[in-house]
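**Student:** Dropping the structure in here first, questions after.
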């Protein structure tokens with residue numbers, strides 16, 4: 001047998017070397033990427049449904065809409081009082097059933113069309129007419145009609161007095177669209193060009209991937225500090241965390257797990273920024289079925305709720321204990337549950353209230369929670385509540401869970417006590433009271449009905465001054481704590497994580513929960 | 001020899017004819033599965049968000065209140081006309097999702113298959129040729145470890161090592177946000193789009209993003225090909241015609257690479273067809289791990305949102321791809337397998 005020619009071996013070795021060098025070359029072509037100073041890239045795990053404002057009722061879509069569209073009224077950073085945007089002012093008549101807004105002149109849409117009262121009337125009527133299941137039309141249930149008087153005046157005619165109507169104008173229901181572009185009876189597809197009066201134009205949208213915005217030169221207000229904005233969507237927070245650590249994105253807003261926040265806080269070159277939040281978590285009782293139909297049982301659980309442990313141990317301080325359905329920082333908030341039940345758990349007081357009512361202990365109760373809607377920490381949260389109640393010797397808790405689709409349909413219809421969370425439509429105390437305590441609201445299906453509470457809420461809606469309204473808000477909070485059909489236990493913070501070259505985030509972290517990208521800058 | 005085997009033409013016609021019942025069974029299974037679950041796709045997707053009366057109204061509009069046999073007929077009619085439905089949560093046409101996001105999955109799976117073949121076939125050849133030597137032991141171990149490791153574990157490890165520790169490669173997305181924002185979408189296969197635009201920085205960026213997910217998915221299947229080729233090489237090297245070639249003085253290198261190897265590759269072609277189905281399911285996990293905007297990633301999102309109308313459409317698309325890919329592989333096999341004779 002002769003010597004084999006080494007030619008093929010040399011060729012193979014060369015090929016391997018070239019492949020490795022090529023891989024290395026492609027790999028090392030950049031180390032950590034640097035995004036340019038004129039572009040801000042935000043990562044989020046939020047999702048987008050329909051960009052057309054008439055078809056959206058979720059936070060992720062609202063974030064996109066907020067760059068493109070505007071409201072008649074909005075919020076200045078740090079304030080929860082509606083202030084002029086497309087309207088220079090809105091006033092109610094003496095009956096609080098007619099609100100007249102004067103519109104800002106000289107505003108144009110991003111296609112050059114002039115903004116007038118016709119667009120305002122059209123936008124509200126269209127939302128009601130389309131009645132999209134993914135839309136927020138329910139917020140306009142009190143709207144009877146919209147009339148215009150000239151190009152710069154519009155009047156909202158309400159069915160019932162509503163002192164908080166100007167807050168409704170700041171919600172997703174209040175976005176103004178161009179009546180020449182948007183169909184009156186159906187949604188504009190996401191693939192069509194969206195036209196608003198906002199500071200950014202949406203130049204490209206790839207569902208589930210990214211939304212690309214460019215500052216609009218014709219914007220009537222202050223130009224955004226960063227001319228290019230990209231929102232990148234992640235399906236998993238762990239991937240988003242790696243992307244942030246690598247510098248592929250400049251910041252991330254919504255949402256990491258508590259453990260991930262804790263890890264990011266220790267990461268060099270990243271800042272975890274926190275501000276007051278408005279999301280709350282609470283435990284609801286069906287007050288028509290045993291054992292929660294007993295006021296003493298509900299009060300005993302209120303005495304035992306381990307708020308501090310949940311906030312510190314499970315959420316690593318990213319939430320704060322909550323002692324009223326109206327979150328702290330919101331006008332009208334009082335720590336009603338502290339007044340009635342104290343700040344810290346008390347086994348003695350829980351025992352006393354049960355003994356006084358001749359309730360036999362331990363009380364068997366089933367607590368329901370859902371693993372697929374409120375984050376991974378829900379399991380630990382309810383384990384902690386179970387532990388606290390069982391450890392008192394007064395309760396025997398059974399925990400049960402159901403996947404969200406089933407859970408959401410069932411709630412008070414079958415569950416005796418269950419977990420829920422709330423994110424407001426508008427940052428006002430009313431939005432934390434009416435949906436939960438009004439007899440006509442069937443949001444919870446928990447059977448709570450108190451004519452005294454209905455009367456208070458009715459007065460609150462018809463109040464003609466803020467002072468008067470806040471008086472009724474406080475009365476409602478106190479009665480809510482005494483009746484205790486619901487126990488609020490934590491309030492979330494507004495948290496963003498950013499690289500050090502992103503500025504202005506802290507100024508936009510406030511109870512309105514609006515990430516004002518147009519105010520952020522990069523160095 | 002009269003009656004020996006079937007003609008190539010008959011074989012191909014029979015395979016094409018089998019596609020019809022296969023597709024029908026697939027469509028029927030998916031239809032039944034979607035309707036066996038309690039409630040309907042509308043209540044699953046929108047339950048808890050809208051009042052029950054609205055859910056009922058939408059279900060009526062979408063025909064979920066009609067008799068099952070009517071729903072089945074309408075469903076088949078739509079599929080035949082290329083209408084895979086509209087998602088409930090975000091109103092997108094499933095056909096459009098398949099076209100746009102399917103292109104991203106195609107990019108990933110083609111690259112992954114290349115990795116699998118480039119690593120697996122030479123690896124199998126070497127380990128089979130040098131059986132029971134150190135290179136064989138290493139190769140077999142490599143193949144088993146790759147095949148046994150869940151693809152998302154491999155992906156996470158790759159992200160941590162090459163992304164976070166070494167800072168060599170990006171760990172998510174089909175391209176950087178800037179490239180995605182500026183690159184024109186001609187085909188939605190970004191490698192091709194970058195070449196069409198002659199945008200070489202974008203091409204480099206896209207290739208860099210492709211490396212980790214393609215390598216992750218490809219290496220898992222490389223293990224399969226490695227072991228398969230090894231077994232076939234070993235078996236083929238024992239055949240009589242190989243012994244005869246050696247006896248005639250043919251050099252060992254020629255015996256292995258010109259005679260044994262070619263015959264050992266024939267079953268690999270068949271396995272490629274079977275692996276396509278596994279590649280697609282692996283793509284779901286890979287795309288989710290790497291935030292790769294393919295159809296598997298969309299399937300995950302819609303499953304999370306309980307949008308069963310979307311899930312139904314995407315699963316049907318997956319199934320049809322597997323059916324037709326298998327048909328194509330059978331065609332290729334028929335041409336290269338010398339046991340199929342012309343009469």
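**Student:** Before we move on, is residue B:170 out of contact with any helix residue (DSSP H, G or I) (no Cβ under 8 Å at 6 or more places or on another chain), at the interface with another protein chain (Cβ under 9 Å from one of its Cβ atoms) and under 18 Å from residue B:291 (Cβ atoms)?
**Tutor:** no
**Student:** Among the residues that make up the stretch B:310-326, is at least one of them within 11 Å of chain A (Cβ to nearest Cβ), out of contact with any strand residue (DSSP E or B) (no Cβ under 9 Å at 6 or more places or on another chain) and either under 30 Å from residue B:62 (Cα atoms) or crowded, with 17+ Cβ neighbours inside 10 Å (or both)?
**Tutor:** No, there is no match, as no residue in the stretch B:310-326 is within 11 Å of chain A (Cβ to nearest Cβ), out of contact with any strand residue (DSSP E or B) (no Cβ under 9 Å at 6 or more places or on another chain) and either under 30 Å from residue B:62 (Cα atoms) or crowded, with 17+ Cβ neighbours inside 10 Å (or both).
**Student:** Another question, then. Scan the stretch A:202-247 for residues that are in contact with a strand residue (DSSP E or B) (Cβ under 9 Å, 6 or more places away or on another chain) and at positive phi and report the count.
**Tutor:** 1
**Student:** Is there any pair linking a residue in the stretch A:39-52 that is within 9 Å of chain B (Cβ to nearest Cβ) to one that is at pLDDT 95 or above and part of a loop (DSSP other than H, G, I, E, B), with Cβ under 8 Å and at least six apart or on different chains, and which?
**Tutor:** Pairs that qualify, where the first residue is within 9 Å of chain B (Cβ to nearest Cβ) and the partner is at pLDDT 95 or above and part of a loop (DSSP other than H, G, I, E, B), are A:39/A:226; A:39/A:227; A:41/A:250.
**Student:** Quick check on this structure: which one of B:276, B:242, B:301, B:314 is at pLDDT 75 or above, within 29 Å of residue B:175 (Cα to Cα) and more than 18 Å from the chain's Cα centre (by Cα)?
**Tutor:** Every option except B:301 fails the conditions.
**Student:** Next question, about the same structure. Just to verify a result, which residue in the stretch A:206-247, among those that are within 11 Å of another protein chain (Cβ to nearest Cβ) and without any contact (Cβ under 8 Å) to a residue 24 or more places away in the chain, is surrounded by the fewest Cβ atoms within 10 Å (Cβ to Cβ)?
**Tutor:** Once the filter is applied, the top-ranked residue is A:238.
**Student:** Within the group A:382, A:323, which residue is more than 14 Å from every other protein chain (Cβ to nearest Cβ), in contact (Cβ under 8 Å) with a residue 12 or more places away in the chain and over 30 Å from residue A:236 (Cβ atoms)?
**Tutor:** Step by step, each of A:382, A:323 is checked, and only A:323 is more than 14 Å from every other protein chain (Cβ to nearest Cβ), in contact (Cβ under 8 Å) with a residue 12 or more places away in the chain and over 30 Å from residue A:236 (Cβ atoms).
**Student:** Evaluate the following for residue A:48: is it modelled with pLDDT under 55, buried (at least 16 other Cβ atoms within 10 Å of the Cβ) and more than 25 Å from residue A:501 (Cβ to Cβ)? Spell out how you get there, then give the answer.
**Tutor:** On the way: modelled with pLDDT under 55: no; buried (at least 16 other Cβ atoms within 10 Å of the Cβ): yes; more than 25 Å from residue A:501 (Cβ to Cβ): yes.
Taking the combined requirement at face value, the residue does not satisfy it.
**Student:** Could you check the stretch A:181-205 and list, in sequence order, the residues that are surrounded by fewer than 17 Cβ atoms within 10 Å (Cβ to Cβ), facing chain B (nearest Cβ under 9 Å) and in a loop (DSSP other than H, G, I, E, B)?
**Tutor:** Passing the criteria: A:189, A:191.
**Student:** Can you tell me which residues in the stretch A:74-94 are touching a strand residue (DSSP E or B) at 6+ places or on another chain (Cβ under 8 Å) and in a loop (DSSP other than H, G, I, E, B)?
**Tutor:** Of everything in the stretch A:74-94, those that are touching a strand residue (DSSP E or B) at 6+ places or on another chain (Cβ under 8 Å) and in a loop (DSSP other than H, G, I, E, B) turn out to be A:76, A:81, A:85, A:86, A:93.
**Student:** Could you identify the single residue in A:426, A:415 that is within 14 Å of another protein chain (Cβ to nearest Cβ) and outside any helix (DSSP H, G or I)?
**Tutor:** On inspection, the qualifying residue turns out to be A:415.
**Student:** Can you name the number of the only condition in (1) surrounded by 15 or more Cβ atoms within 10 Å (Cβ to Cβ); (2) under 30 Å from residue B:128 (Cβ atoms); (3) away from chain A (no Cβ under 12 Å) that residue B:195 fails?
**Tutor:** Exception for residue B:195: condition (2).
**Student:** Here is a check on your reading of the model: is residue A:447 closer than 27 Å to residue A:350 by Cα, surrounded by fewer than 20 Cβ atoms within 10 Å (Cβ to Cβ) and either within 14 Å of another protein chain (Cβ to nearest Cβ) or free of Cβ contacts under 8 Å to residues at least 40 places away in the same chain (or both)?
**Tutor:** Details: closer than 27 Å to residue A:350 by Cα: yes; surrounded by fewer than 20 Cβ atoms within 10 Å (Cβ to Cβ): yes; either within 14 Å of another protein chain (Cβ to nearest Cβ) or free of Cβ contacts under 8 Å to residues at least 40 places away in the same chain (or both): no.
Criteria not met by residue A:447.
**Student:** Give me the pairs: first residue in the stretch B:26-44 and more than 17 Å from residue B:66 (Cβ to Cβ) and within 11 Å of chain A (Cβ to nearest Cβ), second residue modelled with pLDDT under 75 and part of a helix (DSSP H, G or I), beta-carbon distance under 8 Å, and six or more apart or on different chains, which are they?
**Tutor:** B:37/B:44; B:44/A:405
**Student:** Could you tell me which of the residues B:108, B:76 is touching a residue at least 24 places away in the same chain (Cβ under 8 Å) and exposed (fewer than 15 other Cβ atoms within 10 Å of the Cβ)?
**Tutor:** Unique residue meeting the criteria: B:76.
**Student:** Please specify each residue of the stretch A:461-483 satisfying the condition of being touching a helix residue (DSSP H, G or I) at 6+ places or on another chain (Cβ under 7 Å), closer than 23 Å to residue A:343 by Cα and surrounded by fewer than 23 Cβ atoms within 10 Å (Cβ to Cβ).
**Tutor:** A:475, A:478, A:479, A:482, listed by residue number.
**Student:** Quick test of your reading of the structure: residue A:250 fulfils all but one of (1) within 14 Å of another protein chain (Cβ to nearest Cβ); (2) at positive phi. Name the failing condition by number.
**Tutor:** In the conditions (1) within 14 Å of another protein chain (Cβ to nearest Cβ); (2) at positive phi, residue A:250 misses (2) alone.
**Student:** Test residue B:118 against the stated conditions and say whether it is more than 18 Å from the chain's Cα centre (by Cα) and either within 14 Å of chain A (Cβ to nearest Cβ) or without any contact (Cβ under 8 Å) to a residue 12 or more places away in the chain (or both).
**Tutor:** no
**Student:** Of the residues that make up the stretch B:246-262, is at least one surrounded by fewer than 22 Cβ atoms within 10 Å (Cβ to Cβ), out of contact with any helix residue (DSSP H, G or I) (no Cβ under 9 Å at 6 or more places or on another chain) and on the phi > 0 side of the Ramachandran plot?
**Tutor:** yes
**Student:** Considering each residue of the stretch B:59-77, count those that are closer than 20 Å to residue B:91 by Cβ and in contact with a helix residue (DSSP H, G or I) (Cβ under 7 Å, 6 or more places away or on another chain), and give that number.
**Tutor:** 5
**Student:** Right, another one. With (1) surrounded by 23 or more Cβ atoms within 10 Å (Cβ to Cβ); (2) in contact (Cβ under 8 Å) with a residue 40 or more places away in the chain; (3) assigned to a helix (DSSP H, G or I) as the list, and residue B:211 as the residue in question, which single condition is left unmet?
**Tutor:** If we test residue B:211 against (1) surrounded by 23 or more Cβ atoms within 10 Å (Cβ to Cβ); (2) in contact (Cβ under 8 Å) with a residue 40 or more places away in the chain; (3) assigned to a helix (DSSP H, G or I), just (1) comes out false.
**Student:** If you don't mind, another one. Of the residues in the stretch B:153-167, how many are in contact (Cβ under 8 Å) with a residue 12 or more places away in the chain and more than 10 Å from chain A (Cβ to nearest Cβ)?
**Tutor:** So the count comes out to 2.
**Student:** Criterion first (part of a loop (DSSP other than H, G, I, E, B), farther than 17 Å from residue A:391 by Cβ and at pLDDT 95 or above) does residue A:359 satisfy it?
**Tutor:** Taking the combined requirement at face value, the residue satisfies it.
**Student:** From A:421, A:438, A:467, which residue is at pLDDT 90 or above and over 26 Å from the mean Cα position of the chain (by Cα)?
**Tutor:** Details: A:421 fails: over 26 Å from the mean Cα position of the chain (by Cα); A:438 fails: over 26 Å from the mean Cα position of the chain (by Cα).
Of the residues listed, the single one that is at pLDDT 90 or above and over 26 Å from the mean Cα position of the chain (by Cα) is A:467.
**Student:** Follow-up question, since we're still on this one. Which one is nearest to residue A:152 (Cα to Cα) among residues in the stretch A:118-134 that are surrounded by fewer than 18 Cβ atoms within 10 Å (Cβ to Cβ) and within 14 Å of another protein chain (Cβ to nearest Cβ)?
**Tutor:** A:128
**Student:** On to the next question. On the basis of being in contact with a helix residue (DSSP H, G or I) (Cβ under 8 Å, 6 or more places away or on another chain), in a helix (DSSP H, G or I), under 19 Å from residue B:288 (Cβ atoms) and modelled with pLDDT under 90, does residue B:220 make the cut? Give the steps one after another, and end with the answer.
**Tutor:** Numbers: in contact with a helix residue (DSSP H, G or I) (Cβ under 8 Å, 6 or more places away or on another chain): yes; in a helix (DSSP H, G or I): yes; under 19 Å from residue B:288 (Cβ atoms): yes; modelled with pLDDT under 90: yes.
So residue B:220 passes the test.
The values are calculated or read from the model by the stated rules, or taken from the named source; none is laboratory data. These numbers come from a predicted model, not from an experiment. Cβ: placed from backbone, ideal geometry, glycine included. Neighbour counts: every protein chain shown.
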